[in-house]
Amino acid sequence: MRKGILAVLFASLSVFVIPLAAAPGLSIEARGGAGITLGTSSDPNSTGSADLAAGGGLVLDYYAFSFGSFSLGLSVGAEYAMLNFHGVTSNYLASLVVPPGVTIPPGITQTSDTTYNYILIPVAIVGHFQLPAGTGLTLRAGGFAGYFLGGQSKESYNSLGQLYGFTNGTSTLDTGNTAQWEYGLHLSGGPDFKLGSRFTFSPSLEFNMGLSNAIVPVPLYNPWNVTFWSLVCNVGFKYDLL
């Protein structure tokens, strides 16, 4: 199922490329890299630390306007993203709403290492500055939609948590506990170095900031809002179709 979704997304990108192949100012970039990811949570008992983000894919830039050495256009892409998170929740379930007479003891700590897999579809305004000696600068600003493919979470508990029956283990992430779609801001940019008449080496920084709740909140259990962001250093190669 996941492979089928990935194939459809990249086929859709190819369909977009074909009708524009005869248009001026059109380039396609293959890029990939790694960096860091973090998240925010409305749960006051949750904290986290930076972890690995990685991925890659294709980006199509279509420049419709030129003003001297500056070109402006539209960018669209299809990228795979793997986001890892390390989180610690103190007083685990202390805020759980429970029936009268039932209490959750304070002092239980949950530590989790979670991996989320997404297909990201960034859409942005792209600008390119042509600089001397075959160099340039490309900047993109817009938004992204992220389609959740699946993931897993490895959880462990301190001794008090185990005493009350919480066991260490791994659980599966799916659309029952994770939102199918995520939305946010997308920014990327970096220098360009010509390798020939059509090929360009394009390292870049890519920042994706999630704005929508990435989890499926469950009243009485996890009524929280969780968002993700990632900063990735990419290595890319562009090919000018025209």
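Read-outs: derived from the displayed coordinates by stated rules, not from any lab. Computed from a prediction, not measured in an experiment: that's the story for all the values here. Methodologically, a virtual Cβ is constructed for each residue, glycine included, from the backbone with ideal geometry; neighbour enumeration extends over all protein chains shown.
Counting only residues 5 or more places away or on other chains, whose amide H sits under 5 Å from the amide H of ASN225 once H atoms are built in the peptide plane?
SER42, ASP43
Around CYS233, with a cut-off of 11 angstrom between Cβ atoms, what is the net charge of the other residues, counting Lys and Arg +1 and Asp and Glu -1? Write out the running numbers ahead of the final one.
Values: positive: ARG31; negative: GLU206.
So the surrounding residues net to 0.
Let's see if you can work this out: charge +1 on each Lys and Arg Cβ, -1 on each Asp and Glu Cβ, no other charges. What is the dipole magnitude of segment 132-198 about its Cα centre, in debye to the nearest 20?
Taking the Cα centre of segment 132-198 as origin, the dipole is about 340 debye.
Show the residues, 5+ positions off or on another chain, whose built amide H is closer than 5 Å to the amide H of LEU241.
LEU26, SER27, ILE28
Considering only DSSP states other than H, G, I, E and B, which chymotrypsin sites (Phe, Trp or Tyr not before Pro) in segment 169-222 qualify as loop sites with at most 16 other Cβ atoms within 10 Å?
TYR221
Pull out a ≥ b ≥ c, the square roots of the eigenvalues of the alpha-carbon gyration tensor of segment 101-242, then state rounded if a/c is under 1.5, prolate if not and a/b is larger than b/c, and oblate in the remaining case.
Here segment 101-242 falls in the prolate category.
Around GLY107, which amide H atoms from residues at least 5 apart in sequence, or from another chain, sit under 5 Å from its own amide H, with H modelled in the peptide plane?
For GLY107, the qualifying residues are ASN91, TYR92.
Using the per-residue mean of other Cβ atoms lying within 10 Å as a proxy for protection, in what order, highest first, do the peptides 156-166, 105-115 fall? Kindly include the intermediate steps, with their values, before the conclusion.
Details: 156-166: 14.3, 105-115: 16.4.
The peptides rank, most packed first, as 105-115, 156-166.
Run the quick spin-label model on ILE215 and ARG198: label points 7 Å from Cα toward the beta carbon, then report their separation in nm to one decimal.
4.9 nm
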